[in-house]
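> This structure is in structure tokens; I'll ask about it shortly.
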Amino acid sequence: MTTLTRRALLAQSAALPLFSIISHRADAAEFELKYATGQDPTHPVNLRAKEALDRIREATSGRVNIKLFPANQLGSDTDLLSQVRNGSVEFFNLSSLILATFVPISGITSVGFAFKNYDDVWKAMDGDLGAYIRAEIAKTPIFTVSKIWDNGFRHITSSTREIKTSADLKGFKVRVPPAPPLTSLFTALEAAPSPINFNELYTALQTKVVEGQENPLAIISTARLYEVQKTCSLTGHVWDGYWVLGNKRAFQKLPVEVQQIITREIDRSGTDERADIARLTGSLKADLQAKGINFVDVEQEDFRKKLAGTSFYSEWKTKYGTVPWDLLEKVSGKLG
């Protein structure tokens, strides 16, 4: 496994022009494919995807050339979800939260305060719950190419007020992705969630359309949200992952040995990306503090009690169904 330092992860690629992260055309390529993401070129999902695509090209002796299009170059997340469904984009790295708009069960990974730590996350996602979600995705025109990648635990940032307790969220105008589980979570906590696509987030914060947002530290850093936010409350309210999705019809047209190479190399990069996020989580707090972000520690139990006093958990158990909910609670313990 290649180890990338923080400098290599966030500075090296930032010094390169945007086009340098996109795979160059291979003259002898038999298969020209697209791989889209919504994240900044400096984010580990793009650095590790680029490595996987290079290895795929090499392992296929140039037969397969997959071009990487980061930072929503080909459209918003919701646009790209449509494109991977119809095959105009063959591969797409998408948050499980956004995928929930198409495959609802995907959102179960982001049930509020379900996962306490990464041991719980990987036990669930590399185990029975992850397998259940994969099978549901595979019932559609798309499928999951590899194990789930790490987006991280999400935290709340603000430009107006410090969020210390659940009471501080009352009326708080917070951007959420177009994802029902998060809209429902913040509504239950009496905030005022506004679904906004990620490519519009910075402007929405800058113009005060919303007061704050919630994302993992790596996103807060690579998207430079510290420029338009003052505080970050370490709520860890949900964990979110990235599924690398493939268009089923386009993938099945590839020779079997090519399919195996693509899956193997993307899976390998997924493992590397998980390790990257784990390392970055340890260093990003200090980095963001140096850029002006004030961190606020919270008591998660206060938020859990507030949530348990609502119909949030019972409503989502009904929506998701008993079988997947039991698989979640096998790891998380009783919710609600």
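> Once you sort the root eigenvalues of the Cα gyration tensor of the stretch 183-303 as a ≥ b ≥ c, which label holds: rounded (a/c under 1.5), prolate (a/b larger than b/c) or oblate (the other case)?
Here the stretch 183-303 falls in the prolate category.
> Ok, one more. Using only the Cα atoms of the stretch 250-336, build the gyration tensor, take square roots of its eigenvalues as a ≥ b ≥ c, and label the shape rounded, prolate or oblate: rounded if a/c is under 1.5, else prolate if a/b is larger than b/c, else oblate.
Because a/c hits 1.5 or more and a/b fails to exceed b/c, the stretch 250-336 counts as oblate.
> Between K230 and K285, what length in nm is gained on full extension when 0.36 nm per residue of separation is reduced by their alpha carbon distance?
18.5 nm
> Kirkwood Rh and Cα-based Rg: tell me the resulting Rg over Rh for the chain, rounded to two decimals.
With Rg and the Kirkwood Rh in hand, the quotient comes to 0.96.
> To make sure I understand the rule: partners must be lysines, Cα under 23 Å from the Cα of K306, and not fewer than 8 residues away in the same chain. Which ones qualify?
Cross-link targets: K116, K164, K170, K173, K317, K319, K330, K334.
> So if R0 is 51 Å, what FRET efficiency would D120 and E30 give, r being the distance between their Cβ atoms, rounded to the nearest 0.05?
Plugging the Cβ-Cβ distance into 1/(1 + (r/R0)^6) gives 0.75.
> Taking a ≥ b ≥ c as the square roots of the Cα gyration tensor eigenvalues, with a/c under 1.5 meaning rounded and otherwise prolate when a/b beats b/c, else oblate, which class fits the stretch 77-182? All intermediate terms of the calculation are to be shown ahead of the outcome.
Working: a/c = 2.57, a/b = 1.52, b/c = 1.70.
Oblate shape, in that a/c is at least 1.5 and b/c is the bigger or equal ratio.
> State the volume of the convex hull built on the alpha-carbon positions of the stretch 158-240, expressed per residue in Å³ and rounded to an integer. It would help to have the intermediate numbers written out before the result.
Values: hull volume 6.9 nm³, N = 83.
Spread over its residues, the Cα hull of the stretch 158-240 gives 84 Å³ apiece.
> Which of these, S194, S106, S311, has the largest mean-square fluctuation under a Gaussian network model of the chain (Cα springs below 10 Å)?
S311
> Residues with amide H under 5 Å of S194's amide H, sequence separation 5 or more or different chain, H placed in the peptide plane at 1.01 Å from N; which?
The list, which skips near neighbours in sequence, is V174, R175, V176.
> Now for a separate question. Please report the antiparallel percentage of the DSSP beta bridges confined to the chain, to the nearest 5.
Bridges in the chain are about 50 percent antiparallel.
> If you average the alpha carbon positions of the stretch 147-194 and of the stretch 91-132, how far apart do those two centres end up, in angstrom?
17 Å
> Please identify the DSSP H helices in the chain that span no less than 30 Å along the helix axis (Cα) and have a mean Kyte-Doolittle hydropathy of -0.5 or more.
In the chain, the long hydrophobic H runs are 256-290.
> From the residues V121, S76, S96, which one has its Cα farthest along the dipole of the stretch 45-130 in the positive direction, the dipole being from +1 and -1 charges on Cβ of Lys/Arg and Asp/Glu about the Cα centre?
Ranked along the dipole, the leading option is S76.
> Ok, one more. With all protein chains present and a 1.4 Å probe, how do R175, R134 order by accessible area, largest first?
On the way: R175 5, R134 75 Å².
Heavy-atom accessible area, descending, gives R134, R175.
> Show which lysines lie in cross-link reach of K253 when reach means a straight Cα distance below 19 angstrom and same-chain residues fewer than eight apart are skipped.
Filter leaves K34, K67, K139.
> Between A308 and D267, take the C-beta separation as r, use R0 = 41 Å, and let me know the FRET efficiency to the nearest 0.05.
Values: r = 37 Å, r/R0 = 0.90.
Step by step, r from the Cβ atoms, then E = 0.65.
> If you don't mind, another one. With each pseudo-label sitting 7 Å past Cα toward Cβ, what's the T140-V323 distance in nm, one decimal?
1.8 nm
> Of the accessible area of the chain, with the probe set at 1.4 angstrom, what percent is carbon plus sulfur?
Ligands and nucleic acids excluded, carbon and sulfur reach 52 percent.
The values are calculated or read from the model by the stated rules, or taken from the named source; none is laboratory data. Predicted model, so just to flag it, every value in this text is computed and none were measured. Backbone-built Cβ (ideal geometry, glycine too); neighbour counts: all protein chains shown. With ligands, DNA and RNA removed, areas are computed over all heavy atoms of the protein, side chains included. Shrake-Rupley method; radii C 1.70, N 1.55, O 1.52, S 1.80 Å.
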